[in-house]
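Input: a single structure, listed below in C-alpha cells.
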Amino acid sequence: MTEERTVEQGSDRYNAREVEPRWQKAWAETGTFRTRNDDPRPKFFVMEMFPYPSGRIHIGHGRNYVMGDVLARYKRMRGFNVLHPMGWDAFGLPAENAAIERNTHPKAWTYENIASMREQLQLLGLSLDWSRELATCDPSYYVEQQRIFLDFLENGLAYRKESEVNWDPVDNTVLANEQVIDGRGWRSGAIVERRKLSQWFLRITDFAQELLEGLDTLDRWPEKVRLMQRNWIGRSEGMEVLFEFARGFAPQDAQSVKVYTTRPDTLFGAAFLALSPDHPLARTLAQQDDKLATFIAECKKGGTSAEEIETQEKQGYNTGLKVVHPLDAERTVPVYVANFVLMDYGTGAIFGCPAHDQRDLDFARKYKLPVVPVVLPPNTDPGSFAIDDEAYDGDGTLFNSGFMDGMSVPDAKEAVARQLERFRVGDAPQGTRKVNFRLRDWGISRQRYWGCPIPIIHCESCGPVGVPREQLPVTLPDDVTFDRPGNPLDRNAAWRNVPCPKCGAPAKRETDTMDTFVDSSWYYLRYASDNAEKPLDKDAVAHWLPVDQYIGGIEHAILHLLYSRFFTRALKKCGRVNVTEPFAGLFTQGMIVHESYKDVQGRWLFPEEVRREADGRTVKIDDGTPVTVLPPEKMSKSKRNVVAPEVVADTYGVDCARWFMLSDTPPERDSEWTQGGIEGAWRFVQRVWRLVNEAVALGAPVGSDRPGAFGDVALDLRRAAHALVARVAEDVERLRFNVAVAHVHEFANEFGAAIAHARKAGEVPADLAFALREAAEMLACVVAPMIPHLAEECWKRLGHDTLMAEASWPATDAALLQNDSVTLPVQINGKKRDDIIVSREATVAEIEAAVLELENVQRALEGRTPKRIIVVPQRIVNVVV
Ligand code: ANZ
Ligand code: ZN
C-alpha cells in the first residue's frame with residue numbers, strides 16, 4: 001500500500017471512458033482483426049459458442065468471449081494468423097414466442113436483438129473478425145444448409161420415417177427429448193403426449209462406433225465431456241436370446257420371443273419376460289384383449305425419452321402367456337407387457353432378473369414375482385444373502401445357477417454365451433452376441449416457422465422430391481401471422497403449393513423446418529470461408545480446421561458437440577470436407593453468479609437499485625427500505641441479478657470488467673461478481689497505468705541500447721520481468737487466466753519496489769533505467785491480451801507509434817530465466833505419468849495443487865482424493881492413489 005502512494009506522483013488518472021472507445025475505433029479503422037486466408041503465418045482458430053440473440057447480454061455472457069479473446073490476442077502476438085469469428089444462432093422458438101406476445105415478426109425481433117447485442121459485444125473490446133459474422137437465419141447461411149441436406153439425402157444419410165414424438169399440445173410442436181422436463185413441455189409446461197408423425201432423420205447411428213472411438217483422440221477435451229458423450233452413445237455388448245413359448249401358453253402366430261440382454265449370466269434369476277407396449281406381439285394380442293388395449297393406451301401418456309420412461313412408476317399387464325426357460329426346460333416364466341420397456345432399443349423385449357436389476361425388482365415386488373439372487377457379492381455368506389429393496393448389480397460369484405456356479409460374472413457371461421450359441425430354436429441359434437448403441441438417429445423435423453426450411457416437395461405420385469439446387473434457397477415467406485396456434489407455413493397456400501419438380505403435377509412444399517441444432521452443427525465450417533459464393537469451402541476448411549480452441553458452456557457437452565462431430569464425418573462422406581474431428585481443444589467455462597435482491601414486497605431488484613450501508617444492511621437506493629439479499633446464483637434476467645456490460649463500461653471501463661472476469665476464480669469454475677471485486681480490478685488497472693508512467697519518467701527512452709552490465713537491482717528487475725513473460729505465456733496457453741493474473745500482481749509489487757528504489761537514487765543509473773523501460777514494456781505486453789485498451793495507452797505512453805494489438809510477444813532471455821523454474825517428473829503410484837514445470841520457489845502446497853490439476857492425475861484419481869502426495873523439492877512428485 002505504501003508503495004502505491006509513492007508511485008502516484010507525477011502521473012495522471014487513467015480515464016477508461018475516454019481511452020477505450022478511442023482504441024476500439026483505431027482497431028476497427030485499421031482492420032487489425034480482419035483475417036486473411038492467404039496469410040502465410042501458421043493458423044490458429046479460436047472460437048466461442050455463438051450466442052442466441054435473445055435480447056441483451058449481461059456480463060455473465062461475456063466471460064467465455066473474454067477468455068477466447070485473451071487467447072486470440074495472445075496467439076496473434078506469438079505470430080499466428082488468428083481466426084476469431086462471431087455469429088448468431090438465430091433461429092428458434094423464442095423469436096416466435098416473442099412474435100406472438102409482442103405482435104412483431106420473428107425476423108424483425110431477431111435482427112433487432114442482433115444489432116443491440118453486437119453493439120454490446122463490441123463494447124467488450126473483443127478482437128473479432130466481424131467481416132465473417134454470420135446469422136443462421138439469413139438465407140445466405142441456410143442456402144448451404146439446404147444443399148447439405150440434399151447431399152445427405154443423396155448419400156443415404158437423411159431419410160424419412162414414421163416415428164413417435166413428444167407432442168406439446170399447447171405449443172403445437174414436436175419436442176426433443178431434452179425439451180421434456182418431468183413429463184411437461186419445457187416452455188409451455190403442458191403435459192406431453194406421444195404422437196406418430198412422418199419425420200426427417202439424419203443417420204448419426206451409422207457413425208456410432210466411429211464417434212465413440214474418436215473420443216480417445218480428443219486429448220484436449222475435458223474428461224468429463226468425453227465421458228458424457230461415451231455414455232450418450234452407450235455402446236453395450238450383450239446377447240439376443242430366444243425364449244420359446246410353453247405348450248398351451250403360446251399365442252396364435254408366434255413360437256418365440258427375442259430379448260436383448262447384457263446380463264445373460266443372470267438367466268437363472270429370470271422371473272418374467274416383458275414386452276414393450278409397442279412390440280408387434282403386444283399389439284396383436286391387444287386386438288383380442290380390450291384390457292390390454294386400454295393398458296397400452298395408458299402407457300402412451302408421458303414423454304418418449306428413456307429418462308421419462310425410466311422414472312415412471314413401473315406398470316405391467318400379465319398376458320397369461322408363458323415361455324420356457326432357455327437353460328431349464330422344466331421352468332416356465334410369465335410374459336408381461338410393461339411400460340418401462342422401450343420399443344426402439346434392443347429387441348423391444350427383456351427378461352427380468354429382479355435380484356440384479358432395480359427396475360425389475362420394483363416390478364417384481366409390485367406383481368409378487370420371485371426374487372432369486374444368482375450373483376453373490378464378495379465375502380458374503382450364500383446362506384444368508386437376500387435381496388431386500390435394493391437390487392445388487394455389482395460383481396461377484398455365480399450361485400443358484402447350475403453349470404455357472406462358482407464362476408465370476410465375466411466368465412459366466414462367456415460360458416452362457418457359448419451354451420446359447422449351441423442350442424437351437426428351430427433353425428436359429430438360441431443366443432447370438434450383439435452390440436447395441438443407445439444413440440438414436442437424429443430427428444430433425446420441427447413443426448415451426450422460424451427455422452431452416454427443409455428443401456423438399458411432396459408429390460402424390462413421385463413422393464418426396466428434393467428441391468432442384470438451382471432453386472435454392474427455399475426462403476421463408478415473410479407474410480405470416482401468428483394469431484393461431486400451429487405452424488403458419490401450413491396455412492400459407494401461396495408458399496406451400498408448387499409444381500412437382502419431377503412431373504409438374506400440383507405438389508406441396510415440406511412445411512417442417514430443421515431443428516436449430518442443425519444450424520449450429522456446421523457454422524464453424526462456414527467461418528473458414530471468406531468467400532460468400534462458397535459458404536462451405538473445402539480448401540478453406542482444410543486450412544483452418546480443426547478449431548484449435550473451442551470455448552463454451554458444459555450444457556452443450558452432449559448434443560451440440562456430438563452433432564457437430566457427426567456433421568464433419570457425414571460431410572466427409574459426401575466429399576464436402578476433409579476433416580474428421582471439428583474441435584481439437586475444448587474448454588468449458590464456469591458461469592458468473594451474482595447475489596439477488598428482493599424488496600419488502602418480494603419483487604426482484606437490479607443490483608444498481610440497492611446499496612449496502614456502512615452497518616452492513618442492504619437497502620433500496622430510492623427509499624431506503626430494507627432489501628433481502630439472496631445467495632449468489634447464475635445471472636438471469638428473471639431474477640434481475642444481472643449486470644449490464646455498458647453499466648460497467650461507463651463506471652469502471654471494460655478492461656476492469658475483463659480483468660475481474662479473468663482474475664477471480666479458475667476459469668472452469670463459477671465466479672461471483674461483486675462490487676468489491678470490480679473495485680479491486682479498477683484499482684489494479686490504475687496501478688498498472690501509474691507504474692508504466694513512473695517507468696517512463698525514470699527509465700530510458702524508447703529504443704535505448706542495452707548496457708553491458710547490470711547491478712543487482714536492475715538484474716533482479718530484469719529477472720522478474722522475463723519470468724513474468726514466460727509464466728504468463730504458459731498460463732495463457734493452459735487457459736489458467738487466474739494464475740496469469742496472480743503472476744501479474746506479483747510482478748507489480750516487484751516493479752513498484754524497483755521504481756521506489758530508482759526514485760530514491762535521484763539520478764537513475766543507466767542499467768536500472770534500461771531495466772525500468774524493459775519491465776514497463778514487458779508488463780504492457782503481458783497484460784495486452786487481458787486488458788487491451790489500457791495496454792494500447794501504455795504502449796503509446798512508452799513512445800511507440802504502432803498498435804499494441806499488432807505487437808509481438810516479448811522475447812525472453814534464457815540466461816535470465818535460468819533458476820526460475822524446474823521440471824519435475826510426476827509419478828502416479830511410482831510410474832511416471834507426466835511432467836510439471838513449477839517455479840523454483842514454489843511451495844510444496846503450490847506444487848501439490850498444480851499436480852492435482854494435471855489431466856493425467858485427474859484421470860488416475862477418477863474423482864477420488866489421493867492417499868498421499870510426496871513432493872521431493874527440485875526432484876520429483878509421487879501421487880499415491
Ligand atoms: C437381463 C438383465 C439382468 C439385464 C440384469 C440387466 C440386469 P444397456 O446396458 O443400456 O444396453 N433392456 C434391454 N432392452 C431393453 C428395452 N428395449 N427397454 C428397456 N430395457 C431394456 O442395458 C441393457 C439391459 O437393459 C438389458 O440387460 C435388459 O435388461 C434391459 F441383472 O437383461 B438386462
Ligand atoms: Zn411428381
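Here are the numbers for this structure:
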item: Residues of segment 252-275 satisfying the condition of being among the charged types (D, E, K, R) and open to solvent by less than 40 Å² (accessible area, probe 1.4 Å); result: Asp265
item: Filter result for Glu510 (at pLDDT below 95 and either more than 16 Å from ligand 1 (Cβ to nearest atom) or surrounded by 15 or more Cβ atoms within 10 Å (Cβ to Cβ) (or both)); result: no
item: Verdict on Trp442 being surrounded by fewer than 22 Cβ atoms within 10 Å (Cβ to Cβ), more than 16 Å from ligand 1 (Cβ to nearest atom) and within 35 Å of the chain's Cα centre (by Cα); result: yes
item: Flag if Ile387 is surrounded by fewer than 22 Cβ atoms within 10 Å (Cβ to Cβ), within 14 Å of ligand 1 (Cβ to nearest atom) and of a type outside the set (Lys, Arg); result: yes
item: Test for Asp655: is it open to solvent by less than 40 Å² (accessible area, probe 1.4 Å) and closer than 29 Å to Asn15 by Cα; result: yes
item: Any hit, segment 460-474, residues being farther than 29 Å from Phe207 by Cβ and in contact with a helix residue (DSSP H, G or I) (Cβ under 6 Å, 6 or more places away or on another chain); result: no
item: Selected residue (criterion: farthest from Leu275 (Cα to Cα)) from residues of segment 321-365 that are assigned to a strand (DSSP E or B) and near ligand 1 (Cβ under 8 Å from one of its atoms); result: Gly352
item: Contacts under 8 angstrom Cβ, first residue in segment 699-721 being more than 24 Å from Arg797 (Cβ to Cβ), partner in a loop (DSSP other than H, G, I, E, B), 6 or more apart; result: Gly711/Pro765; Arg719/Asp820
item: Helices (runs of 4 or more DSSP H) enclosed by segment 628-729 - at least 3 residues per element that are modelled with pLDDT of 90 or more; result: 654-663, 675-698
item: Cβ-Cβ under 9 Å pairs, at least 6 apart or on other chains, segment 1-23 side within 28 Å of Ala758 (Cα to Cα), far side open to solvent by 70 Å² or more (accessible area, probe 1.4 Å) and at pLDDT 70 or above; result: Glu3/Asn749; Glu4/Arg683; Thr6/Arg759; Val7/Arg759; Gln9/Arg759; Gly10/Ala697; Ser11/Ala697
item: Meets criteria (open to solvent by less than 30 Å² (accessible area, probe 1.4 Å) and either in contact with a strand residue (DSSP E or B) (Cβ under 9 Å, 6 or more places away or on another chain) or in a loop (DSSP other than H, G, I, E, B) (or both)) for Phe249; result: no
item: Residues being within 25 Å of Asp716 (Cβ to Cβ) and either polar (S, T, N, Q) or not in a strand (DSSP E or B) (or both) - total across segment 812-843; result: 16
item: Among residues of segment 264-298, those that are farther than 28 Å from Glu330 by Cβ, assigned to a helix (DSSP H, G or I) and either over 38 Å from the mean Cα position of the chain (by Cα) or touching a residue at least 12 places away in the same chain (Cβ under 8 Å) (or both), counted; result: 14
item: Residues located in segment 182-222, provided they are part of a strand (DSSP E or B) and either at pLDDT 95 or above or closer than 15 Å to Ser564 by Cα (or both); result: Trp200, Phe201, Leu202, Arg220
item: Number of positions in segment 445-473 that are under 32 Å from the mean Cα position of the chain (by Cα), open to solvent by 30 Å² or more (accessible area, probe 1.4 Å) and within 16 Å of ligand 2 (Cβ to nearest atom); result: 0
item: Segment 349-363 residues that are among the basic types (Lys, Arg), paired with ones that are away from ligand 2 (no atom under 16 Å from the Cβ) and modelled with pLDDT under 95 (beta carbon under 9 Å, 6 or more apart); result: Arg359/Glu310; Arg359/Lys314; Arg359/Phe340
item: Condition check for Asp278: crowded, with 17+ Cβ neighbours inside 10 Å and farther than 27 Å from Pro169 by Cα; result: no
item: Answer residue from segment 516-533, given it is part of a loop (DSSP other than H, G, I, E, B) and at pLDDT 95 or above and is farthest from ligand 1 (Cβ to nearest atom) among those; result: Ser529
item: Flag for Pro370 being part of a loop (DSSP other than H, G, I, E, B), touching a helix residue (DSSP H, G or I) at 6+ places or on another chain (Cβ under 9 Å) and open to solvent by 70 Å² or more (accessible area, probe 1.4 Å); result: yes
item: Test: residue in segment 496-511 that is of a type outside the set (Phe, Trp, Tyr), within 16 Å of ligand 2 (Cβ to nearest atom), more than 30 Å from Arg669 (Cβ to Cβ) and in a helix (DSSP H, G or I); result: yes
item: Segment 117-147, residues that are in a helix (DSSP H, G or I) and open to solvent by less than 30 Å² (accessible area, probe 1.4 Å); result: Met117, Gln120, Leu121, Arg132, Tyr141, Tyr142, Val143, Glu144, Gln145, Gln146
item: Which listed residue is open to solvent by 10 Å² or more (accessible area, probe 1.4 Å) and in contact (Cβ under 8 Å) with a residue 24 or more places away in the chain, from Leu93, Leu83; result: Leu93
item: Any hit, segment 490-504, residues being within 15 Å of the chain's Cα centre (by Cα) and crowded, with 18+ Cβ neighbours inside 10 Å; result: no
item: Qualifying residue in segment 229-243 (condition: more than 14 Å from ligand 1 (Cβ to nearest atom), at pLDDT 95 or above, within 40 Å of the chain's Cα centre (by Cα) and of a type outside the set (Ser, Thr, Tyr)); result: yes
item: Only listed residue being of a type in the set (A, V, I, L, M) and exposed (fewer than 14 other Cβ atoms within 10 Å of the Cβ), chosen from Ala807, Ala849, Ala860, Ala842; result: Ala849
item: Hits in segment 394-408 (condition: open to solvent by 10 Å² or more (accessible area, probe 1.4 Å) and part of a helix (DSSP H, G or I)); result: Gly402, Phe403
item: Given (1) modelled with pLDDT of 95 or more; (2) basic (Lys, Arg); (3) open to solvent by less than 10 Å² (accessible area, probe 1.4 Å), index of the condition Lys43 fails; result: (3)
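The values are calculated or read from the model by the stated rules, or taken from the named source; none is laboratory data. On a predicted model such as this, the values are computed, not experimentally measured, just so you know. Cβ coordinates were reconstructed from backbone atoms using ideal geometry, including for glycine residues, and neighbour counts include every protein chain displayed. Surface accessibility is based on the protein's heavy atoms, side chains included, excluding ligands, DNA and RNA. Shrake-Rupley method; radii C 1.70, N 1.55, O 1.52, S 1.80 Å.
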